[in-house]
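Worksheet: the structure to be examined is printed underneath.
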Amino acid sequence: MPVFSRLATSPALTKHLSRGMASIMAAGALISVSHAAQAEEPRYNQISLRAEVSQDVPRDRMQVTLYTEQQGNDPAKLAADITKALNEGVEAARKVNGVEISQGGRNSFPLYDDKRQTITAWRERGELHLQSSDFASLSRLTADLLGTLKMGGMTFTVADETRKKSEDALLKEAVNAFKARAQLATDALGGSGYKLVNLNLITNNTTGPMPMMRMKTMAYAESAPSQDIEAGTSAVSITADGVIEVQTP
């Protein structure tokens, strides 16, 4: 009989291996209990704190929505007329430096008679969105296009790049404000110092665009005075939200 077979079936070896496995399992159980005790160990003197800093940032991005809406009996001709008016607007906008162009919504729907059984006409609407940081250029372009298009609305927002610069500048201020509050709380509790448990920096971008105007059909004479534009400001803020553990003497 091979040696390995004799060893495997030896009662003495089997008893020895059983004792070894029992020792390993007991050690593993002790380690597990120790880790569980550490995980469940209560922590004291932990305080949740919050600090917020903000800055008013000028709205430096102008957005204009122009549209054309027509009604007719021939849906194909109606669609062609809408496309022609929008294309003329896009062509004119492309000639102005710094103006971004994007197509807005476009929809067409039938109009029925009083009994809602027969289609009597079709109505179609298409939109064009323009935006720029050059208010004067976009204002002149808008006035020129109002000969063929109508104004759906004008809004002002903070440009992404401007907002990011403001947030970067506020980041350090938010951390310093949190540290000041942490030290204040530590002193109030008579602590000798504190440990930072966790800290979250939250950017608050809840301020939406400021609507300036929304009107129906408008017509501007060449001699009409230009409107003074006041874009206003938006508040950009960062909140430092975290937990500290105060150390007692």
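The values are calculated or read from the model by the stated rules, or taken from the named source; none is laboratory data. Because the structure is a prediction, the values reported are computed rather than measured. Glycine gets a Cβ as well: all are built from the backbone with ideal geometry, and neighbour counts include every protein chain shown.
Taken across segment 177-197, residues that are within 32 Å of the chain's Cα centre (by Cα), of a type in the set (S, T, N, Q), over 22 Å from residue 230 (Cβ atoms) and outside the structural domain of residue 100 (by TED's automatic domain parsing) do not occur at all.
Residues are listed down the side, and each one gets a yes or a no for (1) surrounded by 15 or more Cβ atoms within 10 Å (Cβ to Cβ); (2) in contact with a strand residue (DSSP E or B) (Cβ under 7 Å, 6 or more places away or on another chain):
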| site | (1), (2) |
| --- | --- |
| 44 | no, no |
| 89 | yes, yes |
| 100 | no, yes |
| 109 | no, yes |
| 112 | no, yes |
| 130 | yes, yes |
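I'd like the full set of residues that are buried (at least 16 other Cβ atoms within 10 Å of the Cβ) and in a helix (DSSP H, G or I), limited to segment 157-171. Result: 162, 163, 166, 167, 170.
Does segment 139-149 contain at least one residue that is basic (Lys, Arg) and buried (at least 16 other Cβ atoms within 10 Å of the Cβ)? No - not one qualifying residue is present in segment 139-149. Going by what's in this entry, would residue 157 be described as in contact with a Phe, Trp or Tyr (Cβ under 8 Å, 6 or more places away or on another chain) and farther than 22 Å from residue 82 by Cβ? Criteria not met by residue 157. If I filter segment 120-141 for residues that are among the β-branched types (Val, Ile, Thr) and touching a residue at least 60 places away in the same chain (Cβ under 8 Å), do I get at least one hit? Checked against the condition, which is being among the β-branched types (Val, Ile, Thr) and touching a residue at least 60 places away in the same chain (Cβ under 8 Å), segment 120-141 yields no hits at all. For residue 241, the criteria (1) among the acidic types (Asp, Glu); (2) in a loop (DSSP other than H, G, I, E, B); (3) modelled with pLDDT of 80 or more hold in every case but one, which is (2).
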